[in-house]
Amino acid sequence: MLKDQRRMRRWSPETWAQLFYPRRLSHNQVSLNLNKRKGFAWPTVSRYVDVVRPQRLAFHVYGPAARWSYRLDPEAGGTRLTLRRDLAGGRRSLLSRVVATLALGGIESHDDELLEGMVRTLAAISAEVEAHVA
């Protein structure tokens with residue numbers, strides 16, 4: 001299910017639209033993303049840096065210098081899906097700090113929203129998988 005990243009706009013509360021080149025998910029694939037929060041929208045560019053089906057999927061978002069990763073691990077009675085957001089060098093980029101401060105309600109507020117969004121994204125993916133299996 002993760003291989004179809006076009007679904008991300010349904011799962012993620014901050015993702016509004018994505019364009020992919022090439023269209024088939026692969027290592028080094030590039031995506032142009034449009035994100036939204038209330039009345040503010042902004043573009044980002046990502047490169048898929050780890051695509052190991054079906055276990056792992058990760059992409060680096062230029063600008064905020066963040067690596068988002070999904071990992072599937074077998075677990076008793078099912079599969080655990082983990083979502084992480086890691087910042088390059090453990091810190092936010094200058095661009096990310098400026099945009100979060102001026103347009104996204106502040107750094108800490110946006111970090112809280114991102115964590116809440118990650119929980120909502122995992123719940124949405126889980127619900128879609130469960131509906132597909134049922």
Review point. Can you list, largest first and rounded to whole Å, the semi-axes you get for the chain by taking the square root of 5 times each eigenvalue of its Cα gyration tensor?
Key: 25, 17, 15
Review point. For the range 1-100, what relative contact order do you get, as a whole percent, if you take Cα pairs closer than 8 Å and at least 6 residues apart?
Key: 15 percent
Review point. Residue-wise, which Karplus ³J(HN,Hα) couplings in Hz belong to the range 128-134, taking 6.51 cos²θ - 1.76 cosθ + 1.60, θ = phi - 60°, and x for glycine or proline?
Key: 5, 5, 5, 5, 5, 6, 5
Point to revise | In Hz, Karplus ³J(HN,Hα) per residue of the range 26-33 (6.51, -1.76, 1.60; θ = phi - 60°; x = Gly, Pro) | key: 7, 4, 6, 4, 10, 10, 9, 10
Review point. Amide H to amide H under 5 Å from Val49: which residues, 5+ apart in sequence or cross-chain, H placed 1.01 Å off N in plane?
Key: Asn28, Ala58, Phe59, His60
Review point. Is it possible to state the helix-based mean residue ellipticity at 222 nm for the chain, with each DSSP H run of 4+ residues giving -39500 (n - 2.57), the sum divided by total residues, to the nearest 500 deg cm²/dmol? What is it?
Key: -10000 deg cm²/dmol
Revision key, fill the gap. Any trypsin sites (Lys or Arg not before Pro) in the range 58-121 that lie in a DSSP loop and have at most 11 other Cβ atoms within 10 Å would be Arg91
Review point. If you take the Cα Rg of the range 81-122 and divide it by 2.2 N^0.38 Å, with N the number of residues, what do you get?
Key: 1.22
Check your understanding: Once both labels are modelled 7 Å past Cα along the beta-carbon direction, what's the Arg10-Arg120 spacing in nm?
Key -> 1.7 nm
Revision key, fill the gap. Given backbone amide H placed at 1.01 Å from N, residues whose amide H is under 5 Å from that of Trp16, ignoring those fewer than 5 places away on the same chain, are Leu34, Asn35, Lys36
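Readers should treat all values here as calculations from the given coordinates under stated rules, not as data from a laboratory. These numbers were taken from a predicted model, which means no experiment stands behind them. Cβ coordinates were reconstructed from backbone atoms using ideal geometry, including for glycine residues, and neighbour counts include every protein chain displayed.
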